[in-house]
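Right, one structure below, let's go through it.
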Amino acid sequence: MNTPRRQLINLLRGWPSTSLLPTTLVAQASSATFTNTKEAFPALCYGPDSGHEELRIALAQWLTTFYTPNSQFTVGNAASSVSPIDPVRICITGGASQNLACILQVFTDPLYTRGIWCISPMYFLAGRVFEDNGFSGRTFHAVPEDDEGLDISILEQGLQRDEDLLRSLTKDQQHQQHQRLKPLWPTNKHFRRVIYAVPTFSNPSSQTMSVKRRIQLVQLARRFDALVITDDVYDQLQWYSDSKIAAKAPDLASQPRIVDIDRFLDGGASEFGNAVSNGSFSKIIAPGVRTGWAEGTKALAHGLGQCGSSRSGGAPSQAMAAALTRIVESGQLQEHITNTLQPAYSARYVCMMNWIEKLLVPLGVVLPQTNRNIMGGFFIWLELPALLHGDGVARRAKDEEELIIGPGSFFVVPGDTTHNQKLIHSVRVCLAWEDEDSLEEGIRRLARVIRRMLDEGDAGDTGEKLVVSASAITNP
Ligand SMILES: Cc1ncc(COP(=O)(O)O)c(C=O)c1O
């Protein structure tokens with residue numbers, strides 16, 4: 001008799017669990033929006049280039065409350081020190097991925113912009129967006145992370161090397177460096193360089209960058225004419241790592257955004273600034289809404305709205321943006337985050353960590369990022385024992401245990417192998433997609449694989465990669 005196949009557990013997929021999707025909220029908001037012509041007509045027509053006005057206003061208020069932006073770069077201060085976000089700083093987008101493409105379309109030029117500096121390990125689906133916009137191979141530079149986030153001295157060395165190279169060119173060569181492939185419009189500029197990071201609860205490492213590093217990053221970006229693009233998509237999904245300390249999760253941002261630092265540091269940002277925050281409803285409402293927002297200086301937000309596709313069709317996701325306005329304006333979004341998402345994800349985190357500590361840490365697995373007060377996001381990064389290769393562990397987990405995990409090699413910066421050594425001996429697991437029972441079972445399966453490999457002396461370095469279907473991998 002054949003034994004029934006065990007159920008597949010997918011700890012690679014970085015989607016919110018369907019059980020946490022606010023279907024009623026979205027249905028009610030949509031129904032209220034589309035059954036009343038005053039709201040439905042503008043919602044169903046082409047919208048403004050910068051996006052649905054009411055949503056920009058509602059977002060500005062909500063983001064002001066959450067990030068409490070102020071000139072001290074501290075968060076959670078008394079309301080008097082808060083500098084409200086003006087809606088002109090915000091532009092509605094089709095989500096963080098789509099908007100990354102729009103930012104590159106508007107603010108970079110494949111000839112003029114010299115390269116992309118990416119935090120490593122990196123959110124790997126962003127790689128293709130850069131490649132589609134003309135950046136690949138030698139134009140990619142990996143910057144590793146340490147305990148405080150992005151390693152600022154390695155970044156500085158890389159940027160300085162690039163600047164020295166630029167200055168050492170002959171007159172003719174320098175002239176070429178001013179050529180562009182794209183026209184320059186009055187509403188944009190092309191940056192010489194781009195720095196891409198997920199500074200808070202990073203995907204994949206779950207690392208959070210310190211305030212000091214954030215300030216240094218802005219200073220470097222200003223010095224080297226770089227635009228810092230941050231995906232700030234997990235900032236609200238946070239909790240105290242010690243569940244015994246506080247039952248209630250934090251409701252203010254744990255760190256100032258880099259775009260806020262740029263807004264206030266040393267007298268404030270230049271016209272287009274040097275930072276743009278890419279926000280998204282994907283993780284806090286649902287990925288299918290394909291709606292997000294970008295924040296930067298007034299000129300940057302306006303310029304982004306002048307992206308060719310928005311000038312032609314209005315900002316993306318106009319109808320959905322109109323429905324989401326009700327959810328943000330009414331405070332239902334914050335309620336959903338506070339009452340549903342934070343408790344659910346923190347419980348999953350506690351459950352997963354519990355089993356990791358019980359079953360994986362004794363095998364020599366190391367968790368580099370979990371010593372912080374406040375944790376958050378969707379992922380836990382695991383460094384494997386005895387130089388086991390993440391590829392081998394992931395492949396055997398799938399073949400032998402019906403378990404899918406993300407090997408560290410998925411998260412390397414394409415074209416730059418300089419800092420890959422640690423990555424290839426690591427794996428990423430996601431706490432958001434599977435329920436708590438499956439998280440426990442998933443960690444049990446992973447522990448069995450690691451134990452077997454250690455017993456057999458199999459380092460997992462055959463070079464064979466994990467092969468998974470597109471649906472398992474999309475948006476990990
Ligand atoms: C860092 C990061 N950026 C962007 C995205 C995708 O965001 P969106 O669904 O808004 O395109 C994800 C989703 O996994 C992510 O982790």
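Below is a table of values for the structure above.
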quantity: Relative contact order (percent, whole number), region 66-197, Cα cutoff 8 Å, 6+ residue spacing; calculated: 33
quantity: Lysine pairs with alpha-carbon atoms under 21 Å apart, the chain, spacing 8 or more or separate chains; calculated: 5
quantity: Long-range HN-HN contacts of Gly273 with modeled amide H, under 5 Å; calculated: none
quantity: Which of Ala101, Phe264, Ala249, positive extreme of dipole for region 23-331 (C-beta unit charges); calculated: Ala101
quantity: For Ile195, distant residues with modelled amide H under 5 Å away; calculated: Trp117, Leu227, Val228, Ile229
quantity: Dipole magnitude (debye, nearest 20) for the chain, charges at Cβ of Lys, Arg, Asp, Glu; calculated: 580
quantity: Inter-centroid distance (Cα atoms) of region 271-294 relative to region 128-177, Å; calculated: 25
quantity: Note, ³J(HN,Hα) from phi for region 161-175, Karplus 6.51, -1.76, 1.60, rounded to Hz, x at Gly and Pro; calculated: 4, 5, 5, 4, 4, 4, 6, 7, 6, 5, 4, 4, 5, 5, 4
quantity: Karplus (6.51, -1.76, 1.60) ³J(HN,Hα), θ = phi - 60°, over region 194-205, in Hz, Gly and Pro reported as x; calculated: 10, 10, 10, 8, 10, x, 10, 6, 4, 9, x, 7
quantity: Karplus-derived 3J(HN,Hα), 6.51/-1.76/1.60, for each residue of region 399-404, Hz, glycine and proline x; calculated: 5, 9, 10, 6, 10, 10
quantity: Stokes-Einstein D in µm²/s, Kirkwood radius over Cα pairs - region 23-331 at 20 °C with 1.002 mPa s viscosity; calculated: 107
quantity: FRET efficiency, 1/(1 + (r/R0)^6) with R0 35 Å, evaluated for Glu148 and Glu271 via beta carbons; calculated: 0.70
quantity: Computed magnitude of the charge dipole of region 137-237 (debye, nearest 20; Cβ of K, R +1, Cβ of D, E -1); calculated: 660
quantity: Ser120 long-range amide H proximity, modeled H, under 5 Å; calculated: Val143, Glu145
quantity: Separation of the Leu44 and Gln157 label points, Cα + 7 Å toward Cβ, nm; calculated: 6.0
quantity: Separation in nanometres of the label points that stand 7 Å from Cα toward Cβ, at Asp86 and Asp435; calculated: 5.0
quantity: Of Thr200, Cys307, Ala60, farthest towards positive along the dipole that unit charges on Lys, Arg, Asp, Glu beta carbons give region 23-331; calculated: Cys307
quantity: Helix-only [θ]222 nm of the chain, DSSP H runs n ≥ 4, -39500 (n - 2.57) each, per residue, nearest 500; calculated: -11000 deg cm²/dmol
quantity: Label-to-label distance, nm, for residues given as Lys358 and Arg223 (7 Å Cα→Cβ offset); calculated: 5.0
quantity: Mean separation of Cα contacts under 8 Å, 6 or more apart, over the residue count of region 23-331: relative contact order %; calculated: 31
quantity: Percent antiparallel among DSSP beta bridges (both partners in the chain, rounded to 5); calculated: 50
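Coordinate-derived values only; no laboratory data. What you are looking at is a predicted structure, and each value in this text was computed from that prediction instead of being measured. Reconstructed Cβ throughout: ideal geometry from the backbone, glycine too, with neighbour counts over all protein chains shown.
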